[in-house]
Amino acid sequence: MTAGVAPTHVGSRTRRLRGDAFLTGRARYVGDIRPAGALHLAILRSPHAHARIVDVDLEAARRSPGVVAALDGVGAAELADPIPHFIDPATFGGRSVEVRCLALGEVVHVGQPVAAVVAETIHDAEAALDAISVEYEPLPHVLDAVRALESTAPRAYADWPDNVVMAGSYTQGDVDEELTRCERVLTTTMTIQRYSQQPMETRGYVATWDEQTRRMTLHGSCQNPHPLRAVLASALRLGEEQVQVVVPDVGGAFGLKMHGHPEEPLVCVLSRITGRPVRWTERRSDCLLVGGREQHHEVTVGFDGDGRVRALRDDLVANVGALGAAPGWGMAYLTALAFPTGYDVQVVDARFRIVATNKSPWNASRGYGKEATNLMMERVMDLVARELGLDPAEVRHRNLIADDAFPYKTTAGLNIDSGQYHLALDRVRALVDEPGVRRGQREQSADATVRTGLGLAFELTPEAGGTPGTLVGGFDTSTVRVAPSGQVTVLTGVTSPGGGNDTGIAQIVADRLGVAPAAITVVQGDTDRCPYGFGNFSGRSMVVGGSAAALAAEDIALRLRTVAASLLDVTVDEVVLADGRARAGDRSCPLEEVALTVYSQAFGVADGVTPALESTRVYKPDNLTFVPDEHGRPQTYPTYSYAVHAAVVDVDVETGISTVRRFGVVHDCGTVINPTLVEGQMHGAVAMGIGAALMESIVHDDDGCLVTDRLKRYLMPRAGDLPDIEVEHLVTPSPFTLLGAKGAGEAGVGGALSAVVNAIDDALAPLGVVLDRLPLTPPTVLAALQTAEGRNA
């Protein structure tokens, strides 16, 4: 904290900036941007999982009412280059493909854009799609990742020798040898379904080409405007200075709106050829094409009679679908990297095979693969406890990293910063009244039709990551500016997906300048106005964007205090900025007066400071390095939030319906900037995790067509499906970040998913049920019960 400032806002439940605009419908989303003369885009998508495009006839569509232009892949290739990958697998030794805004010669998944129409109305554009004639030659396709690994499987890409995008492992020690020394060994499997993010607001873009200035402006509901600008410039054959990306208010993102989507350059191409703005809004059915997280795991664990885990092997196969330019495929890589989460296991072999199929591509999903790691480690802990007849909490206590072991280097090379894992576990057990739940279980009759289970889950969430060789930067930039009137403006490279991180940044700056957060304007998501930054992902907004703003505000605070000292005839050390004034004992003056003096008396009273109250600072956290260690492992995450979750679930063994009755979480994201914002993030993530455990699943038929093409078929938890979510904070500041913050944006999904699965398993374990696939829908639970009955018989 700056000397001479009285902190009052960081840690408080400051009300959200512009909260009234969101509550009253005055927030401005991309759907509200309707330029005069705008055309509407409709896209013809492939009905085949894999096919050669023989011919596309656009003539009838071009003659349709209201149509201004129509385009296919051949025409698009003349106007636009391939879309650069957000994270190219080839950078890491994997296979890559060329991704275009419209398919050229071949389609590799149902829903891939094949042709586009722009018309005066969206109804005219969509009607004209029926007039497009496409001749396809269907090709063999593969949808299952395990099947895709077989030598006889169809190839998702004809020129690949197999369907493996990338394979590798994170290994320390000899697992096979260590397993022979262990008292017990068990193996388990888990199949994780494909599921999605589904923000309230789907994607949307408005592209406007200005022929006079030869500049393209894209308004979009997206997460990473500066990197997207570079992608568009490359695809559109423009210089970066010819592209402006503007992100208005965003109605949720969760990774789905990270760039790499074909519609991003497509709307720009069509605006350029028509000379008019072009709008496109994603339909829910198209949004549901984008999935993620689909994995199959086989885990072998060796342990001693006291429950101490000695060796672990996880072999995962990830079905990433067809490769897109978005960064989704990298989630499987992170699943392996994150083993063994927060447990002190020294011998680990985390193997991964990332497999391409003819399903639609992945994009990033909240948790970014680490939710699967947490699930597998929490299943291991429960299964070890059951095998030994031990308390699941006690097994966790015996394996979690001790408080005095931090910083702790994992077997994959991650350097975990700090934590109080055992305390968090004990607190969450008390939060949900574990003794009372266990007592109730003992009182249940053996033939009870509704059985209660308690599930615990530790969750480690590496946050604020950076990736070498990509525009996934581990740093960010913020500018703080004070006008002659005293108005404070923050311009930052981090963006908000709708969670209110602008409020947290304002609190940080307010404490350093001695003003109210409500008096600060935060500008985000405009590549012409904001300093270069990497946007929103990996819980990084406070860790890097907030820290950069803190540094810039401290620069400005020193200038204000220096000039105020001259005005008040005191020393700089005596000046405190608070309540909108510069104070020194019983003397004070308004900050507006000080600011005006800087600008108007630069050669007089304010001669001692650099004129213009503006500072731009970059913040690079410690504990992040792209230089590999002695084992060839870079450290790609500076900080590690964690949580311990507890779920109490009732399972009706006659219907298979599971009801989450109580849910508690103790969360440590380091320094808490705004508890309300952190709790809001956790509530949403827990809801996602419960949905993943119980119902959410993207389903394709045998032809690769999407079955779950609407929210009546892709089931998500409603308010009535969720209990009150009880959240407690534990604060262990990170020693490696300026503010002590660890990030809070990705935590919750994996912990909630794991706790609910473990609770259902706990309820059904006395019946001999084995859970090996998700989601745990009523039919899945009933099938597991029937299998157990047959096995018991």
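State whether one or more residues within region 195-206 are among the hydroxyl-bearing types (Ser, Thr, Tyr), surrounded by fewer than 23 Cβ atoms within 10 Å (Cβ to Cβ) and touching a helix residue (DSSP H, G or I) at 6+ places or on another chain (Cβ under 9 Å). So far as region 195-206 goes, yes, one or more of its residues are among the hydroxyl-bearing types (Ser, Thr, Tyr), surrounded by fewer than 23 Cβ atoms within 10 Å (Cβ to Cβ) and touching a helix residue (DSSP H, G or I) at 6+ places or on another chain (Cβ under 9 Å).
Scanning region 335-383 for residues that are hydroxyl-bearing (Ser, Thr, Tyr) and open to solvent by 10 Å² or more (accessible area, probe 1.4 Å) yields a single hit, TYR368. Cβ-Cβ contacts under 6 Å between residues 6 or more apart (or on different chains), taken from a first residue in region 56-72 that is basic (Lys, Arg) to a second residue that is buried (at least 22 other Cβ atoms within 10 Å of the Cβ), are listed as ARG62/ALA70. Looking only at residues in region 589-636 that are outside any loop (DSSP other than H, G, I, E, B) and modelled with pLDDT under 95, the one that is nearest to ARG559 (Cα to Cα) is THR625.
Scan region 318-353 for residues that are among the polar types (S, T, N, Q) and in a strand (DSSP E or B) and jot them down. Passing the criteria: only ASN319. The set of residues in region 726-770 that are of a type in the set (Val, Ile, Thr) and open to solvent by 10 Å² or more (accessible area, probe 1.4 Å) comprises VAL727, VAL731, THR732, THR737, VAL770. Filtered by the rule that a residue be open to solvent by 10 Å² or more (accessible area, probe 1.4 Å) and of a type in the set (A, V, I, L, M, F, W, C), region 674-697 gives LEU677, VAL678, ALA687, MET688, LEU694, MET695.
Looking for something of a type in the set (Gly, Ala, Ser) and open to solvent by 10 Å² or more (accessible area, probe 1.4 Å) - is there at least one such residue anywhere in region 543-565? Scanning region 543-565, I find no residue that is of a type in the set (Gly, Ala, Ser) and open to solvent by 10 Å² or more (accessible area, probe 1.4 Å), so the answer is no. Checking GLY664, GLY656 one by one, the residue that is under 30 Å from GLY11 (Cα atoms), of a type in the set (Gly, Ala, Ser) and modelled with pLDDT of 95 or more is GLY664 and no other.
Results for (1) within 30 Å of GLU59 (Cβ to Cβ); (2) of a type in the set (S, T, N, Q), shown as yes or no for each residue.
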position: TYR136; (1), (2): yes, no
position: PRO140; (1), (2): no, no
position: ALA145; (1), (2): no, no
position: ASN163; (1), (2): no, yes
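Would you confirm, using the coordinates I've provided, whether ALA145 is open to solvent by less than 60 Å² (accessible area, probe 1.4 Å), aliphatic (A, V, I, L, M) and within 22 Å of LEU771 (Cα to Cα)? Break it down into steps so the answer makes sense when it comes.
Numbers: open to solvent by less than 60 Å² (accessible area, probe 1.4 Å): yes; aliphatic (A, V, I, L, M): yes; within 22 Å of LEU771 (Cα to Cα): yes.
Against the criterion (open to solvent by less than 60 Å² (accessible area, probe 1.4 Å), aliphatic (A, V, I, L, M) and within 22 Å of LEU771 (Cα to Cα)), ALA145 qualifies.
Out of the residues in region 409-446 meeting the condition of being among the acidic types (Asp, Glu) and open to solvent by 30 Å² or more (accessible area, probe 1.4 Å), tell me which one is nearest to the chain's Cα centre (by Cα). By that ranking, first place goes to ASP426. Among the residues making up region 461-487, those that are open to solvent by less than 10 Å² (accessible area, probe 1.4 Å) and farther than 17 Å from TYR619 by Cα are THR461, PRO462, VAL482.
Give me the residue from region 283-316 that is closer than 30 Å to MET200 by Cα and touching a Phe, Trp or Tyr at 6+ places or on another chain (Cβ under 7 Å) and, out of that set, surrounded by the fewest Cβ atoms within 10 Å (Cβ to Cβ). By that ranking, first place goes to LEU288.
Among the residues making up region 260-282, a single one is in contact with a Phe, Trp or Tyr (Cβ under 6 Å, 6 or more places away or on another chain) and assigned to a loop (DSSP other than H, G, I, E, B): GLY260. Once region 207-232 is narrowed to residues that are open to solvent by 60 Å² or more (accessible area, probe 1.4 Å) and among the basic types (Lys, Arg), the residue that is farthest from the chain's Cα centre (by Cα) is ARG214. Does LEU289 satisfy the condition of being in the same structural domain as VAL245 (by the TED database) and of a type outside the set (Phe, Trp, Tyr)? No; evaluated as a whole, the condition is false for this residue.
Might you check whether a residue that is part of a strand (DSSP E or B), within 30 Å of ALA77 (Cα to Cα) and of a type in the set (Gly, Ala, Ser) occurs anywhere in region 283-301? Yes. Considering only residues in region 601-627 that are open to solvent by 70 Å² or more (accessible area, probe 1.4 Å) and touching a residue at least 60 places away in the same chain (Cβ under 8 Å), the one that is farthest from LEU753 (Cα to Cα) turns out to be GLU614.
The values are calculated or read from the model by the stated rules, or taken from the named source; none is laboratory data. No experiment lies behind these values; they were computed from the predicted model shown. Here Cβ is always computed from backbone atoms with ideal geometry, including for glycine, and neighbour counts include all displayed protein chains. We work out accessible area using only protein heavy atoms, side chains counted, and drop any ligands, DNA or RNA first. Shrake-Rupley method; radii C 1.70, N 1.55, O 1.52, S 1.80 Å.
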